[in-house]
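Peer 1: Once you've had a glance at the structure underneath, I'll fire off some questions.
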Amino acid sequence: MGKVDDNIRALELRIKELEEENNALSGRVEEAMLLTLIAESFESITNEVELIESVLEKIAILKQIPYCACYAWKEDTLKQIGQYCSVISHSSSKEVISFSDELLIEIQVDEELQVCLKNRPGLITFTGGRSLFKPRDILVVPFRSRRVQKGIFVFVSSESQVSSFAQEPLPFRQIIQMITGKWDRISLLNELQIFNQSLEERVEERTAQLSESEERYRQLFNMANDAIYLWEVNKKEGILNCVQANNAVRQLTGYSHADIKNLSPFDLLSSSYTLSEQKAFEKLFRSKRASFVAAVKTKHSTIKLEFNTCRFQMLDKEVVIAIARDISERLVFEEKLIEAKNKAVESERLKSAFLANMSHEIRTPMNAIVGFSELLNKDVIKERELRMYSNIIFKNSMHLLNLIDDIVDYSKIEANQIIIVNSAVNINELLSDLSLNVISVLRNASKDHIDIVTHMPLDDEQATIMVDGTRLRQVIANLINNAIKFTNEGCIEIGYVVKTKEWLEFYVSDTGLGIANQDQQKIFERFVQLKDEKAINPGGTGLGLAICSNLVEKMKGNIYLESELAKGTTFFFTIPYKLIKTVPSI
């Protein structure tokens, strides 16, 4: 009997194992069927809420779960997305159950949660006031998707169920993965549809705007006062033809639109430009941006245009837009404006310079004249004193007269009012007269011990030239006066040489104090006076050499000097040698 009992028990155990294997196989078949049904529903459903509710319904029926739901967290509050309750005969958007605060805290941990409700009653309650079924377990599975940053699936079983969630949580995870994957695809498709619709609307709006902009551009293009060209550019061949030109081009140049389209910008350039200048213009035209002025041929004349160019890509072509404006009148106006400005500035400069530098020069001789004139009014005055005072008054009067002459002459030079009038002049006679004057000046300056030497190599016929005699005499006289001021011993030589067939060179040489190298250039500037301890108050305006330099320049010549300290100075200047050709008598 004992052996029979053992066989029976072994058989019972085997039967139990077979039942468990059968149940497991049935569960896997059931899970496969559920996954298949869910996958099939994915093919036809495109609405997110319908997808959730359909899947929840299939899970509830195949798994015999009375309540399934999906929630999303929004600002720490659970919002229902979809639910299915097998106990209710009709679908309802109203929540069937509610969660206690204790359960909500546990759910927020964002981890999978399984709770036996029999051991912890009160975690969920039915919202209708009566229990629809006796809950046994609750399974909470968290998830994330494109539309839901944080959400949960909730499954509540009843006491009538044989198995618990703890025995088979894997299928739920697989189902939720399938749901979120499909959900993401639907969400993405919806977003793509919305984006596509928005894009189509934007394309339509943009097309309308482009049409409006094109019409506005066409109106502005043709109504512009400036000439506008659009040239096509080829990297290999350079600038080709004119793609477009506005109405101002025809009005400015006289060419029709058909004529312009067959011309390149270089066909319009003035023929006076050299090949290198044309290449320079081509480089400017092909640069990214450029501004320049060019002479352009029209049908009737040549005009100056100011171009502003810009190179850019227009659809499949590279083009250069050139905006041109006729500046002929502006150039004339600018020249007149610059001329008027220069005259005004120069006039102000001259006035200020004269007032600043000449006032003290004029006061010195005036004070001497006034002072010694008062001394002449004494009741008793000796004859020797009378002659001395008269001599002082005379010298200062002459000095004042020379100052005024210098000021007037330089004012005329600065105002460009000096006119050179050439006539026949015998330079031998001119130098002879000056040498006699020098002797008189030396005697009055108590320097009659200084010798005067003249050098005149040409005969009178060869020495008669076309020159402004007054200005030539003035230049030589100023140079002689300077030599007298700074020479105490030795001699003063004046003369000329024939430098070339076209030029005569005059010179005034002295054995005076000399001029340092660093001062030799600036002495030709106005108001410059060199101070030297050995020179006893030479006086003057500082304008003499400036006047000489300007007068020589106006006579088409050049002035320079050679000097050595303590040995003397020689001033040279050249003038054109224009010999008077005499007609022989018959």
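Peer 1: Below 8 Å, C-alpha to C-alpha, sequence gap of six or more: please give me the relative contact order for the range 418-576 in percent.
Peer 2: The normalised contact order for the range 418-576 reaches 23 percent.
Peer 1: Tell me, what is the FRET efficiency for Lys279 and Lys556 to the nearest 0.05, using R0 = 45 angstrom and their Cβ-Cβ distance as r? Please list the in-between numbers first.
Peer 2: Numbers: r = 38 Å, r/R0 = 0.85.
Plugging the Cβ-Cβ distance into 1/(1 + (r/R0)^6) gives 0.70.
Peer 1: Could you work out how far apart the two model spin labels at Asn488 and Ile439 are, taking each label as a point 7 Å from the Cα in the direction of the beta carbon, and quote it in nm?
Peer 2: If labels sit at Asn488 and Ile439, their model points lie 2.6 nm apart.
Peer 1: Right, another one. Taking K and R as +1 and D and E as -1, what net charge do the other residues with C-beta under 13 Å from the C-beta of Tyr255 add up to? Write out the running numbers ahead of the final one.
Peer 2: Values: positive: Arg250, Lys261, Lys297, Lys299; negative: Asp259, Asp267.
Charge balance near Tyr255 sits at +2.
Peer 1: Provide the net charge surrounding Cys491, with neighbours chosen by a C-beta distance below 14 Å and charges set as Lys +1, Arg +1, Asp -1, Glu -1. Numbers along the way, then the final one.
Peer 2: On the way: positive: Lys447, Lys567; negative: Asp448, Asp451, Glu489, Glu493, Asp510.
That sum, taken over residues with Cβ under 14 Å, equals -3.
Peer 1: Using 0.36 nm per residue of separation minus the Cα-Cα distance, give me the extension gain between His300 and Thr207 in nm, one decimal. Walk me through the numbers on the way to the answer.
Peer 2: Details: separation 93, 0.36 × 93 = 33.48 nm, distance 4.37 nm.
Going from the current span to full extension adds 29.1 nm.
Peer 1: Could you give the length gained by full extension between Thr454 and Ile105, i.e. 0.36 nm per residue of separation minus their alpha carbon distance, to one decimal place? Please report the intermediate quantities before stating the final value.
Peer 2: Values: separation 349, 0.36 × 349 = 125.64 nm, distance 12.70 nm.
Gain in length upon complete extension: 112.9 nm.
Peer 1: Further question: From the phi angles alone, apply the Karplus equation (6.51, -1.76, 1.60; θ = phi - 60°) to the range 467-479 and give each ³J(HN,Hα) in whole Hz, x where the residue is Gly or Pro.
Peer 2: With coefficients 6.51, -1.76 and 1.60, one gets 7, 7, x, 5, 6, 5, 4, 4, 5, 5, 4, 4, 5 Hz.
Peer 1: Another one. How much net charge surrounds Ser145 when only other residues with a Cβ under 11 Å from its Cβ are counted (Lys, Arg +1; Asp, Glu -1)? Working shown, then result.
Peer 2: Details: positive: Arg144, Arg146, Arg147, Lys150, Lys182, Arg185; negative: Glu48, Asp184.
Every neighbour counted, the sum reads +4.
Peer 1: Kindly write out, for the range 293-301 in residue order, the coupling ³J(HN,Hα) from the Karplus curve 6.51 cos²θ - 1.76 cosθ + 1.60 (θ = phi - 60°), rounded to whole Hz, with x marking Gly and Pro.
Peer 2: Values, residue by residue: 10, 9, 8, 10, 7, 10, 5, 10, 7 Hz.
Peer 1: Let me ask something else. At 7 Å along Cα-to-Cβ for each site, give me the label-to-label distance between Asn377 and Arg130 in nm.
Peer 2: 14.5
Peer 1: Here is a follow-up. Note down the relative contact order for the range 328-417 as a percent, whole number, built from C-alpha pairs under 8 angstrom at least six residues apart. Show your work: numbers first, answer last.
Peer 2: Numbers: 31 pairs, mean separation 31.9, N = 90.
Once normalised by length, the contact order is 35 percent.
Peer 1: Provide the FRET efficiency to the nearest 0.05 for the Arg216-Leu192 pair, computing r from the beta carbons and using R0 = 30 Å. Intermediate values should be presented prior to the final figure.
Peer 2: Values: r = 35 Å, r/R0 = 1.15.
In this case the efficiency is close to 0.30.
Peer 1: Can you give me the distance in nm between label points at Ala516 and Ser411, each placed 7 Å from the Cα along the Cα-to-Cβ direction?
Peer 2: 3.5
Peer 1: A follow-up question, please. Apply 1/(1 + (r/R0)^6) to the Cβ-Cβ distance of Cys310 and Asn47, taking R0 = 51 Å, and write down the FRET efficiency to the nearest 0.05.
Peer 2: Working: r = 54 Å, r/R0 = 1.06.
The calculated FRET efficiency here is 0.40.
Read-outs throughout are calculated quantities, based only on the coordinates presented, and are distinct from any laboratory measurement. Given the structure is predicted, the values throughout are model-derived calculations rather than measurements. Every residue, glycine as well, gets a Cβ built from its backbone with ideal geometry; the counts of neighbours run over all protein chains shown.
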